[in-house]
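The values are calculated or read from the model by the stated rules, or taken from the named source; none is laboratory data. Being a predicted model, the structure only gives us computed values, none of them experimental. With ideal geometry, Cβ positions are generated from the backbone for all residues, glycine too; neighbour counts draw on all protein chains shown.
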Amino acid sequence: MIVYDGIYRLPTGADQGFKPRAQWEYAWQVRIIDMGLSQSTVLHLKSMIVVVNQTGVKPCLTSGAESIGKKISRDFNLVISRVLWVEHFPDNNDQWCAAAFKLKSNFGPDINYHIRWRPLRPNEVDLIKPYIPEVSQI
């Protein structure tokens, strides 16, 4: 079941105050799927799936996981070890990739991860396809 389908935006430049919606240069379409609600008879190791697709005016040099991952994790109380993070990279051969998070450091409530990317596996594509049809174009 999709529990969130919306846009996350980051302001740019020195003036990060109020900006009209059209002036947010970095934006990502974010969909969060709760597999526990969708398939309650199956226990999933990664019960939450976050699917991110960059939609901003300009391409961001970092991934959504690096730019907005902490905010999304905080906003939805996600435990990163139970999340399958999937991201679309249109500038990199139109690839869909999954993130592997490795703890880098933590200081108080702030946790930093090293992120390694890998191609989506066929079973992951099959799992996501009913909710995100564009992933089937792999």
- [ ] Tell me the strands (runs of 3 or more DSSP E) entirely within the stretch 82-121 that contain at least 1 residues that are in contact with a Pro (Cβ under 9 Å, 6 or more places away or on another chain).
- [x] 95-107
TODO: Those residues that are in contact with a helix residue (DSSP H, G or I) (Cβ under 8 Å, 6 or more places away or on another chain) and either of a type in the set (S, T, N, Q) or modelled with pLDDT under 90 (or both), I need them from the stretch 112-124; list them, please.
DONE: 113, 115
